[in-house]
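Take a look at the structure below.
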Amino acid sequence: MEVTTRHFRQSSARACRDVNLRAVLDHTTRYFQSKRQASLETFEGRDAHFARARAARLNALSRLPELLEQLEANAIAAGTIVHWAADAAEARAIIVGIAKAASARVIVKGKSMVTEEVALNPALEETGAEVWETDLGEFIVQLAGEPPSHIIAPAVHKSRQDVVELFAEKLNLHGESIPELTLLARRALREKFLSADMGVTGANMAVAETGSVILVENEGNIRMSTTCPRVHVALMSLEKVVATMEDAADLLRVLPRSATGQRMSSYVSVLTGPRGEGETDGAREMHLVILDNGRSEVLADPVLREALACFRCGACLNVCPVYQTIGGHAYGWIYSGPIGTLLSSLLLPRSETRDLPFGCTLCGACKRTCPLSIDHPKLMLALRERTAGGGGNPIGAAHALLARHPLAYRMAVGAARAVDPRLDLLARLPGLPGLSRFVDSRRPPELKTPFTARRRKKTQKERS
Amino acid sequence: MSGAATESRAAILATLRKGVAAAPFAVPAPPARPASVSVTDSVSGDAWERLAAVLAPLEVRLRMAGTRAEAAKHVADIARERHASTYTRWDTALDGLGLDEALSSLTRLAPGCCQELAQADLGLALAHGALIESGSMVLVAAPGQHRAASLLPPASVILVPRRALLPDVSYLPALLVRHSVNGKLPACLNLITGPSSTADIELVLVRGVHGPGVLDLVGLDWDD
Ligand code: SF4
């Protein structure tokens, strides 16, 4: 998809004015929050499970190079073909190469953010193959030619009526009710699964000690994509590795609950190599593509690398007042909400994402909600600092200090207003590094008569 | 691996190593994992009740069988309720339960390619583990234990031996090891927790979008 993060200000302003979108977002975010809340209330030992999940993710990040090598060795031993892709172009080239070698004419895909990240579909389509998104939500947005708008529910912005019209227009399939529409999609995609030569999925995790890829889903489309076609390709961003199956089990205890409020998703597949001898189904050829695309650089940053711990449960999106207001598309790339802001800022060129970290109220709802205790606001501030030129802004620091002391603040503002009532000359004052940058990014409040002066005036008026 | 891929591998690993060395991580030791269901509970009668209670909201019905004949009868009842005329089942793992006799009026489809098995109305498989805390059935694929049996037919039946009952997903590593053959892990292990489902259109729950729309369990409540 086209990256439009640089238009974040305009697109979020536009989204704010969209009343229908607001209604959909309200419904969606409340739905996910209530499911999650109900599930967590009965989750015995919740905090300990969350802490174990966080430890599993951080432990993996702390040993990333070693674990990736171990994963590679064990996956190869299990019969998986392992590839390394430095960037999106290399990932596309590898997967297109696999598709060509397999003479793949029909390719089915399970829901995967990372395949969207590398823009895989158009590259596969260029080989002449039919490429089908098979998760119902992804199928709908693919037909509509739109990007997904939520990590868990990609088509939440589409109404039933939208889907009725879309199926009629693009597939000549006619249904009215939601179960009917679902059945139509089942039939249409069943045909594709049965004729597919290749299945492409992401990976929720990969386990270094066993070489296994773990896939989590509710629909069964990922199981279909890995059971029927001859070839299975799993594209995994490199931070998804975990050290042990025990760590994976700890994460599985938390991920579905935090994502959809389920104790466990309908289907979890632990795939270790292609089908074994004597088996009658499952891919005969399994590929694991390990993708970097900018992540390895992030590991050296002691603050920002925490974003790599995320396992994409989507909970932080649902509680974020900004996401609740503007939805997923306004963020301009596949990743949205608090974690999306962080990932886009880390993975895309800085010039494309300057505004993203400023689209945050720093309310901290994301941090409080994240089962892995990722400190989004802290990371957001670090990104703002980086955007502002790194190393912090002395003017900003002085402003923060003053703001903590109301009397000093009033005196300083009063003095500044005395010489520059609208505070529009400040930015042009020479000799103060960072001042123009600081003032540029703020709109000072209108100059008002102080409350005490207004009260005095009112009393005088009443007396006279 | 091609030359470019080898280069990428080396470059990625080198950058990661540099990153870890530049800013080493301090990972706090995790707390002990809280127990969900005690292991002794999991082999008592309570375990079946707990499993049934966890599965009820998922519209999964657990029928208990005290004998092989009773299990076969349950399966025949399910086939009737689901209006099945064809079925596919795991081989050796389910031999000896008299299922083919109980389903003699149905056509059995042999394991094979997905195209053929997509015609099956009912799929029968055996749980190697039943995780009480989440209601998940653990199915390990192997020769004669085809993945499609619990995936392609619109109705799925999983038979659950008493010995399969386990507390929770923390037993996943042990299950994988138990089902290794000559040190090789099974190529596919599935956790199945309820029927296939989606809520992708207006968040309305619909069962059976790609996998089975209904899942029935038969508890085999005897020691073997
Ligand atoms: S940052 Fe935390 S809450 Fe947000 S998607 Fe990732 S794991 Fe979930």
Among the residues of segment A:301-316, is there at least one that is more than 15 Å from the ligand (Cβ to nearest atom) and outside the structural domain of A:Cys16 (by TED's automatic domain parsing)? yes
Name the residue, out of A:Glu146, A:Glu165, A:Glu169, that is touching a residue at least 60 places away in the same chain (Cβ under 8 Å) and surrounded by fewer than 18 Cβ atoms within 10 Å (Cβ to Cβ). A:Glu146
On the given criteria, is A:Ser296 of a type in the set (Ser, Thr, Tyr), modelled with pLDDT of 95 or more and more than 14 Å from the ligand (Cβ to nearest atom)? yes
Going residue by residue through segment B:131-150, is there one that turns out to be acidic (Asp, Glu), within 16 Å of B:Pro212 (Cβ to Cβ) and crowded, with 18+ Cβ neighbours inside 10 Å? no
Number of the exception - A:Ser336 against (1) surrounded by fewer than 24 Cβ atoms within 10 Å (Cβ to Cβ); (2) of a type in the set (Gly, Ala, Ser); (3) within 16 Å of the ligand (Cβ to nearest atom): (1)
What's the number of the only condition in (1) without any contact (Cβ under 8 Å) to a residue 40 or more places away in the chain; (2) in a loop (DSSP other than H, G, I, E, B) that B:Leu97 fails to meet? (1)
Which of (1) in a strand (DSSP E or B); (2) out of contact with any Phe, Trp or Tyr (no Cβ under 7 Å at 6 or more places or on another chain); (3) hydrophobic (A, V, I, L, M, F, W, C) does B:Ile201 not meet, given it meets every other one? (1)
With A:Ala104, A:Ala85 as the choices, which residue is more than 9 Å from every other protein chain (Cβ to nearest Cβ), crowded, with 17+ Cβ neighbours inside 10 Å and touching a residue at least 12 places away in the same chain (Cβ under 8 Å)? A:Ala104
If you check A:Leu379, A:Leu372, which single one turns out to be within 10 Å of the ligand (Cβ to nearest atom), within 14 Å of chain B (Cβ to nearest Cβ) and modelled with pLDDT of 95 or more? A:Leu372
Of the residues in segment A:119-172, those that are among the β-branched types (Val, Ile, Thr), assigned to a loop (DSSP other than H, G, I, E, B) and within 21 Å of the chain's Cα centre (by Cα) number 4
Reported set for segment A:246-268 where residues are closer than 21 Å to A:Cys310 by Cβ and more than 16 Å from the ligand (Cβ to nearest atom) is A:Glu246, A:Ala249, A:Met264, A:Val268
Candidate set from segment A:150-164 (those that are over 11 Å from B:Glu202 (Cβ atoms) and within 16 Å of the ligand (Cβ to nearest atom)); member that is farthest from the other protein chains (Cβ to nearest Cβ): A:Ile151
For segment B:178-204, enumerate the residues that are more than 9 Å from chain A (Cβ to nearest Cβ) and either at positive phi or over 15 Å from the mean Cα position of the chain (by Cα) (or both). B:Arg178, B:Ser180, B:Asn182, B:Gly183
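The values are calculated or read from the model by the stated rules, or taken from the named source; none is laboratory data. Computed from a predicted structure; not experimentally measured. Virtual Cβ from ideal backbone geometry, glycine too; neighbours counted across all protein chains shown.
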